[in-house]
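The values are calculated or read from the model by the stated rules, or taken from the named source; none is laboratory data. The structure presented is a predicted model; accordingly, all values stated were derived computationally and were not measured. No Cβ is skipped: glycine too gets one built from the backbone with ideal geometry, and neighbour counts run over all protein chains shown. In case anyone asks, the SASA skips ligands and DNA or RNA and just uses the protein heavy atoms, side chains included. Shrake-Rupley method; radii C 1.70, N 1.55, O 1.52, S 1.80 Å.
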Amino acid sequence: MAHTRIRKFNTKETYPEQNLDNDLCQTVVAKGSMVFVRGQIGQDLDTSKSVAIGDVTGQTEQAMANIKMLLEEAGAKLEHVCKITIYIVDPRYREQVYRVVGKWLKGVYPVSTGIVVSALARPEWLVEVDAIAVIPEDGK
């Protein structure tokens, strides 16, 4: 594993009532080069067009695909993610969004914060995800 993950847990065991299966941890200890990824939404980075309008799952998939692409452009990988913050405009979206994020970050165990906000920068955006990654000193 790229970094030291302390107190790893899976939401399926910790929060059985939520019907989620995400690998998270309480703390990540990392050494190397930090990569900060701006909040990503349901937007195609090449065209700047919003995608999956009205579909929180589709917007989350696009946000995570953007994060993966941006990390790779910076020389990092999804496995290097230490911290994510998830912003949703409706608490009822939580399970759908966390299921998608959990799929993309399976086995990574990042630290995660979820926030419900009244709105994002454009009215069609339902979810935004930002990430902090640390490329290990050995580059792996």
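Restricting 57, 4 to residues that are touching a residue at least 12 places away in the same chain (Cβ under 8 Å) and open to solvent by 70 Å² or more (accessible area, probe 1.4 Å) narrows the list to 4. Residue 130 versus (1) in a helix (DSSP H, G or I); (2) in contact with a Ser or Thr (Cβ under 7 Å, 6 or more places away or on another chain); (3) not basic (Lys, Arg): which is the lone unmet condition? Against the list (1) in a helix (DSSP H, G or I); (2) in contact with a Ser or Thr (Cβ under 7 Å, 6 or more places away or on another chain); (3) not basic (Lys, Arg), residue 130 comes up short only on (1).
Scan segment 40-57 and tell me whether some residue there is under 28 Å from residue 7 (Cβ atoms) and either basic (Lys, Arg) or assigned to a loop (DSSP other than H, G, I, E, B) (or both). No. Within segment 72-85, the residues that satisfy the criterion of being buried (at least 22 other Cβ atoms within 10 Å of the Cβ) and under 17 Å from residue 61 (Cβ atoms) are 81, 84.
Taking segment 110-130 as the range and being surrounded by 12 or more Cβ atoms within 10 Å (Cβ to Cβ), over 19 Å from residue 53 (Cβ atoms) and under 11 Å from the mean Cα position of the chain (by Cα) as the test, the residues that pass are 110, 111, 112, 114, 130. Against the definition (under 17 Å from the mean Cα position of the chain (by Cα), closer than 16 Å to residue 127 by Cβ and among the hydrophobic types (A, V, I, L, M, F, W, C)), how does residue 74 come out, yes or no? For residue 74, the condition - under 17 Å from the mean Cα position of the chain (by Cα), closer than 16 Å to residue 127 by Cβ and among the hydrophobic types (A, V, I, L, M, F, W, C) - is not met. Looking at 93, 98 in this structure, which one is in contact with a Ser or Thr (Cβ under 8 Å, 6 or more places away or on another chain), part of a helix (DSSP H, G or I) and modelled with pLDDT of 95 or more? Result of the check over 93, 98: 98.
Selection of first residues in segment 87-109 that are at positive phi and of second residues that are buried (at least 17 other Cβ atoms within 10 Å of the Cβ) and among the basic types (Lys, Arg), restricted to Cβ pairs under 8 Å at least 6 apart or on distinct chains, gives the following pairs, ordered by first then second residue: 109/5. Checked against (1) more than 22 Å from residue 18 (Cα to Cα); (2) more than 14 Å from the chain's Cα centre (by Cα); (3) not acidic (Asp, Glu), residue 133 meets all criteria but (2). Which ones in segment 123-138 are within 15 Å of residue 39 (Cα to Cα) and of a type in the set (A, V, I, L, M, F, W, C)? 125, 126, 127, 129, 131, 132, 133, listed by residue number. State whether one or more residues within segment 60-78 are outside any helix (DSSP H, G or I) and touching a Pro at 6+ places or on another chain (Cβ under 6 Å). No, segment 60-78 contains no residue that is outside any helix (DSSP H, G or I) and touching a Pro at 6+ places or on another chain (Cβ under 6 Å).
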